[in-house]
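Data first, discussion second: the structure below is written as structure tokens.
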Amino acid sequence: MIAVTAAFGGLRGRSHAPAKGGAGRSFDQGLFTVEVIDARTGHEKTGLAGGRTKVLAVRMRVTLKDDRSHAVSEFLEGVMAEPKPGSYVAADNELTTGLIGGQKTSELHPRLPAEVRAVWKIPETATPSTVTVALRQWEHKQGFINAEYYWYAGKGSRYSAKIGTSVRAEGS
């Protein structure tokens, strides 16, 4: 039995390095399948006073693989920008939006592709030409206090993919 398993690669160690690629390719992060569409910089209204701040926005096509709906904000727990190798920045939950059929949504539904526009505030002088989006691997875990299972992606989770894409400047 061991010889047969080994012959088909069952005893080889598996690489835990994140998959790498660019926009237009789908990546599996456990709970979601994610495809980066594009990235751009621009300005967004923030706060009640209507001030404007410079942002980096990355559009992604997201498909939920679970049997129940999850919030867009929950999806963001598994999405980070990587401005430099090993340094990760979370998206701004207030500015991030979801769209299904052109309509805003705060929920992602099972097997229904949605567009999520993840947004990061950046300095006014920043002009990034590329961005790397790092996707954390979602794990299905059993609860400590009860026997229920839940999905988790947090600071201790490994990265399943790193997606590099060019950034279009505002007005281009």
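Structure data summary
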{"read-out": "Rounded to whole Hz, the Karplus (6.51, -1.76, 1.60) HN-Hα couplings of segment 114-129, x for glycine and proline", "value": "10, 9, 10, 10, 7, 10, 10, 6, 10, x, 4, 8, 6, 9, x, 9"}
{"read-out": "Extreme residue, positive dipole direction of the chain, given options P110, G143, P123 (C-beta unit charges)", "value": "P123"}
{"read-out": "Over the chain: helical MRE at 222 nm, DSSP H runs n ≥ 4 each giving -39500 (n - 2.57), nearest 500", "value": "-1500 deg cm²/dmol"}
{"read-out": "Stretchable slack from Y88 to E44, in nm (0.36 nm times residue separation minus alpha-carbon distance)", "value": "13.6 nm"}
{"read-out": "Dipole magnitude of segment 115-172 about its Cα centre (Cβ charges: Lys, Arg +1; Asp, Glu -1), debye to nearest 20", "value": "180 debye"}
{"read-out": "A169-H140 FRET efficiency (beta carbon distance; Förster radius 45 Å; 0.05 resolution)", "value": "0.65"}
{"read-out": "Candidate values [x] 1.04; [y] 1.63; [z] 1.01, label of the one derived for Rg/Rh (Cα atoms, Kirkwood Rh)", "value": "[x]"}
{"read-out": "Longest site-free stretch - the chain; sites: chymotrypsin sites (Phe, Trp or Tyr not before Pro), DSSP loop, at most 12 other Cβ within 10 Å", "value": "9-143"}
{"read-out": "Gaussian network model of the chain, Cα within-10 Å springs - most flexible of T125, T46, T33", "value": "T125"}
{"read-out": "Per residue accessible area of the chain, 1.4 Å probe, in Å²", "value": "59 Å²"}
{"read-out": "Simple Cβ-charge dipole of segment 33-133, Lys/Arg +1 and Asp/Glu -1, about Cα centre, in debye nearest 20", "value": "280 debye"}
{"read-out": "Label-point separation, I100 to T130 (7 Å along Cα→Cβ), nm", "value": "3.5 nm"}
{"read-out": "Whole-percent carbon and sulfur share, accessible surface of segment 80-172, 1.4 Å", "value": "52 percent"}
{"read-out": "Lys, Arg +1 and Asp, Glu -1 on Cβ, resulting dipole of the chain about Cα centre, debye, nearest 20", "value": "460 debye"}
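The values are calculated or read from the model by the stated rules, or taken from the named source; none is laboratory data. Everything numeric here is computed off the predicted structure, so don't read it as measured data. Quick reminder, even Gly has a Cβ in these numbers, built from the backbone with ideal geometry, and neighbours come from all protein chains shown. Heavy atoms of the whole protein, side chains included, go into the accessibility calculation; ligands, DNA and RNA do not. Shrake-Rupley method; radii C 1.70, N 1.55, O 1.52, S 1.80 Å.
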